[in-house]
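Peer 1: Got a structure here, written out as structure tokens. Questions coming.
The values are calculated or read from the model by the stated rules, or taken from the named source; none is laboratory data. For clarity, every value in this text was computed on a predicted model and none was experimentally measured. Positions of Cβ are generated from backbone atoms using ideal geometry, with glycine treated the same way; all protein chains shown enter the neighbour counts. Note: accessible area is taken over every heavy atom of the protein model, side chains too, but ligands, DNA and RNA are not part of it. Shrake-Rupley method; radii C 1.70, N 1.55, O 1.52, S 1.80 Å.
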Amino acid sequence: MKFTAILAATTILAGAAAAQDMDKSDWPSSFTVGTASQGGTYFAYGSGWANLVAKELGLTGGGEVTGGPMQNMALVHTGEAAFGMTTMGPAAESLAGTNPIAPGLEMTQACAMFPMYQTPFSVTALASSGIETVADIPAGAKIGFGPAGSTSDTYFPRMMDTLGVEYERRNGGWTDLGGQLQDGLLDVIAFAAGVPVPAVSQLEVQTDVNIIEFTEEEQAKLLEEFPVSQFDIASSTYTTLEADARSVSMWNFAIANCDLPESFVKAAVDVVMSDNERMKGIHKAAASSLPENWEKNTVLKWHPGAAAWFKENADADISDDMIYGN
């Protein structure tokens, strides 16, 4: 174990030394990563890797609170943020010009950077509400869907429509919505976020909650109607769960403005992808932030720097037509 620790430390130091030796003449001196609202996984994960990249590359950088995946696509496309985080559904809509933030604008300047994790869709209610299944949600229930324009807000209302739920729509940051649920101002929160969701973990400490899974029939309907895949929320994720919870999920990717210097993006990808244990220390969801998951991107063109890293380090078979500028 001591040898492994020494080897890991040596590797990190070597990487830091290599970063110091790079030609950074065309690099930005600072950068921001578009995340989402505080209390959600995007903010914790994004701020963590932003700080890590800034430290390792000797730059000024950090996470920025945003409205989530839809807004991040717009911020990265315009260059207002160098990096961001998005999910495959909002990415596809943004490329097609149907992002509600800027209807008609095809956001083709946002490029894939690296795979992050899957976003499960899950429902949480107070145990005292008696809501234990989706079918238990009463007509007219006040449901918090997260920040306006987020993956959750974009897709979960449609999912509830598909499952026959009648509701009043509420938006806000996850921390605020968690507080509203606890205060009885909301009946349900419909989360789409990497697990464990900080707001849910906090609720568990303060009160009894029900984390509601989909039935097999409900899951099948969602798989048929939406760009999602099967997913089980492991029982170890939350103290409330006694068994794995059936869900659906959507892949998340980090994105970079396509015009950023190739060497800069390649170096940033190397910091994140070369040490998964370090990333898991930032957030448990990073267990899926693995090089082999590059293939989960079927929507965005790759930034040339990111594509080069994955080809060299993960034997990625990325076709030329999926790399920006080709």
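Residue by residue, here is whether (1) over 26 Å from Gln38 (Cα atoms); (2) in contact with a Phe, Trp or Tyr (Cβ under 9 Å, 6 or more places away or on another chain) holds:
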position: Ala102; (1), (2): no, no
position: Gln118; (1), (2): no, yes
position: Leu126; (1), (2): no, no
position: Glu132; (1), (2): yes, no
position: Arg158; (1), (2): no, yes
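Peer 1: Right, something else. Does Glu93 fit the bill of being of a type in the set (Asp, Glu), closer than 16 Å to Lys301 by Cα and open to solvent by 10 Å² or more (accessible area, probe 1.4 Å)?
Peer 2: Yes: the conditions hold for Glu93.
Peer 1: Determine if the range 121-132 includes at least one residue that is crowded, with 22+ Cβ neighbours inside 10 Å and among the small types (Gly, Ala, Ser).
Peer 2: Within the range 121-132 (the criterion being crowded, with 22+ Cβ neighbours inside 10 Å and among the small types (Gly, Ala, Ser)), the answer is yes, since at least one residue qualifies.
Peer 1: Continuing with this model, one more query. Which ones in the range 158-170 are touching a Gly at 6+ places or on another chain (Cβ under 9 Å) and surrounded by fewer than 17 Cβ atoms within 10 Å (Cβ to Cβ)?
Peer 2: Listed by number, the residues that qualify are Glu166, Glu168, Arg169.
Peer 1: Follow-up question, since we're still on this one. Check Ala148, Ala135, Ala139, Ala190 and return the single one that is closer than 27 Å to Ser288 by Cα and either open to solvent by 10 Å² or more (accessible area, probe 1.4 Å) or part of a loop (DSSP other than H, G, I, E, B) (or both).
Peer 2: Residue meeting the stated conditions: Ala148.
Peer 1: Next question. Of everything in the range 47-62, what is touching a Gly at 6+ places or on another chain (Cβ under 8 Å) and either surrounded by 24 or more Cβ atoms within 10 Å (Cβ to Cβ) or among the hydrophobic types (A, V, I, L, M, F, W, C) (or both)? Give them in sequence order.
Peer 2: Ala50, Val53, Ala54
Peer 1: If you don't mind, another one. Does Gly79 qualify as being touching a residue at least 12 places away in the same chain (Cβ under 8 Å) and in contact with a Leu (Cβ under 9 Å, 6 or more places away or on another chain)?
Peer 2: yes
Residues checked against (1) in contact with a Cys (Cβ under 9 Å, 6 or more places away or on another chain); (2) outside any loop (DSSP other than H, G, I, E, B); (3) more than 30 Å from Phe226 (Cβ to Cβ); (4) at pLDDT 95 or above:
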| position | (1), (2), (3), (4) |
| --- | --- |
| Ala9 | no, yes, yes, no |
| Pro28 | no, no, yes, yes |
| Gln38 | no, no, no, no |
| Asn72 | no, yes, no, yes |
| His77 | yes, yes, no, yes |
| Ser94 | no, yes, no, yes |
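Peer 1: Output the residue which, of all residues in the range 243-253 that are hydrophobic (A, V, I, L, M, F, W, C) and modelled with pLDDT of 95 or more, is nearest to Gly89 (Cα to Cα).
Peer 2: Restricting to residues being hydrophobic (A, V, I, L, M, F, W, C) and modelled with pLDDT of 95 or more, the top hit is Phe253.
Peer 1: Being open to solvent by 20 Å² or more (accessible area, probe 1.4 Å) and under 14 Å from the mean Cα position of the chain (by Cα) is the filter here, so list the residues in the range 65-87 that pass it.
Peer 2: Val65, Gln71
Peer 1: Being part of a helix (DSSP H, G or I), of a type in the set (S, T, N, Q) and either on the phi > 0 side of the Ramachandran plot or open to solvent by 60 Å² or more (accessible area, probe 1.4 Å) (or both) is the filter here, so list the residues in the range 287-326 that pass it.
Peer 2: The answer is Asn313, and nothing else.
Peer 1: Further, regarding this structure: If I filter the range 205-242 down to residues being among the small types (Gly, Ala, Ser) and either open to solvent by less than 50 Å² (accessible area, probe 1.4 Å) or at pLDDT below 95 (or both), which single residue comes out as farthest from Pro157 (Cα to Cα)?
Peer 2: Ser236
Peer 1: Can you confirm whether the range 273-284 contains a residue that is in a helix (DSSP H, G or I), under 25 Å from Ala96 (Cα atoms) and in contact with a strand residue (DSSP E or B) (Cβ under 6 Å, 6 or more places away or on another chain)?
Peer 2: The answer is no, given that none of the residues of the range 273-284 is in a helix (DSSP H, G or I), under 25 Å from Ala96 (Cα atoms) and in contact with a strand residue (DSSP E or B) (Cβ under 6 Å, 6 or more places away or on another chain).
Peer 1: Out of all the residues in the range 278-299, which are free of Cβ contacts under 8 Å to residues at least 60 places away in the same chain and over 13 Å from Met116 (Cα atoms)?
Peer 2: Gly281
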